[in-house]
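Trainee: Handing you this structure, nothing more for now.
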Amino acid sequence: MQKADLHIHTTASDGLLSPEEVVMWANRKRLKAIAITDHDTINGIDSAIDASKRYNVEIVPGIELSTIHGEEEIHILGYCINYKEQWFIDMLEKIHSSRFERAAKIIAKLNSLGIDITLDEVIKTAEDGILGRPHVARVMMEKGYISSIKEAFKSYIGKGCPAYVERYKLSSSEAIDIIEKLGGISVLAHPGLIRNKKHISEVIGLGIKGIEVYHSKHDENTTREVLNIASSRDLIITGGSDCHGMTANNEPILGNFSIDY
């Protein structure tokens, strides 16, 4: 049976693998198709498409937009988007600027807590990717202030922590409308991770077209519950690993969670 992994991140945002490496691994794992869904950027799509010509893997152009609904961050996936629309590129640039400003504020707070890291170090870690909190965490870990990325979020930069800084986000409704204007398909990402479960129904009510049933952080019960939601609300079913480059048995988890092609 041919498989597709529809949730993958690259170095264009906060992944550890370049778009080319992602496509290479997709080929090694015999995936028929993958979606490049970097956070708030489309910068990895063209490189992945170029690599796909060598590795014979179909690329679905996508994005994962960080949005706010109520008091909770909700991620909306967009698939098959016309990602070269200039108005869309301009909008993403605004989001990117807000990420840079946020990183600088987070680092200032960490410095006040006695954690000696700099914005230049975080930018270097991000390379050409979009600045995010995982890049801050990686620098903290490299310099010995924490033992894991998880610890950084739990103790320092997660919501409610002393170095947390809120940033500009689209509303979930805005993200769904944007994806529709781009001719794409909007999908609610990893609903099992949403804390306030009433938000799932509310976002579906905004007109979202699909829901991510299969995900690396969904257990069997969650998968079954989300599958029932998809069936009862007539939603497109998607799935993917949400691979950021982390490994299992010395291989990235890319393709370990997927859907039938």
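Trainee: I'd like to check which helices (runs of 4 or more DSSP H) are fully inside region 108-197 and have at least 3 residues that are among the acidic types (Asp, Glu). It would help to see each step written out before you state the result.
Mentor: Numbers: elements: 119-126, 133-142, 149-152, 172-181.
Result: 172-181.
Trainee: Then there's this: Answer yes or no: is there a residue in region 4-15 that is closer than 25 Å to VAL136 by Cβ, of a type in the set (D, E, K, R) and either part of a loop (DSSP other than H, G, I, E, B) or modelled with pLDDT of 95 or more (or both). Even if it seems obvious, please write down each step before you answer.
Mentor: Restricting attention to region 4-15, the residues satisfying the condition of being closer than 25 Å to VAL136 by Cβ are 7-15.
Of the ones still in play, those that are also of a type in the set (D, E, K, R) are 14.
Keeping just the survivors that are either part of a loop (DSSP other than H, G, I, E, B) or modelled with pLDDT of 95 or more (or both) gives 14.
For region 4-15, residues closer than 25 Å to VAL136 by Cβ, of a type in the set (D, E, K, R) and either part of a loop (DSSP other than H, G, I, E, B) or modelled with pLDDT of 95 or more (or both): present.
Trainee: Something else now. Are any residues in region 222-233 open to solvent by 90 Å² or more (accessible area, probe 1.4 Å) and in contact with a helix residue (DSSP H, G or I) (Cβ under 9 Å, 6 or more places away or on another chain), and if so, which ones?
Mentor: GLU225, ARG233
Trainee: Of the residues that sit in region 57-95 and are at pLDDT 95 or above and of a type in the set (S, T, N, Q), which one is most open to solvent (accessible area, probe 1.4 Å)?
Mentor: Per the criteria, the residue is GLN86.
Trainee: Working only within region 154-185, note down all residues that are open to solvent by 60 Å² or more (accessible area, probe 1.4 Å) and more than 22 Å from THR37 (Cα to Cα).
Mentor: LYS154, LYS159, GLY160, PRO162, GLU166 - these are the residues of region 154-185 that are open to solvent by 60 Å² or more (accessible area, probe 1.4 Å) and more than 22 Å from THR37 (Cα to Cα).
Yes/no per residue for (1) more than 21 Å from LEU77 (Cα to Cα); (2) touching a residue at least 60 places away in the same chain (Cβ under 8 Å):
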residue: VAL23; (1), (2): no, no
residue: LYS29; (1), (2): yes, yes
residue: ALA35; (1), (2): no, yes
residue: ASP40; (1), (2): no, yes
residue: SER47; (1), (2): no, no
residue: ASP50; (1), (2): yes, no
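Trainee: GLY62 versus (1) among the small types (Gly, Ala, Ser); (2) farther than 25 Å from HIS135 by Cβ; (3) in contact (Cβ under 8 Å) with a residue 40 or more places away in the chain: which is the lone unmet condition?
Mentor: So GLY62 meets the others, but not (2).
The values are calculated or read from the model by the stated rules, or taken from the named source; none is laboratory data. For clarity, every value in this text was computed on a predicted model and none was experimentally measured. No Cβ is skipped: glycine too gets one built from the backbone with ideal geometry, and neighbour counts run over all protein chains shown. In case anyone asks, the SASA skips ligands and DNA or RNA and just uses the protein heavy atoms, side chains included. Shrake-Rupley method; radii C 1.70, N 1.55, O 1.52, S 1.80 Å.
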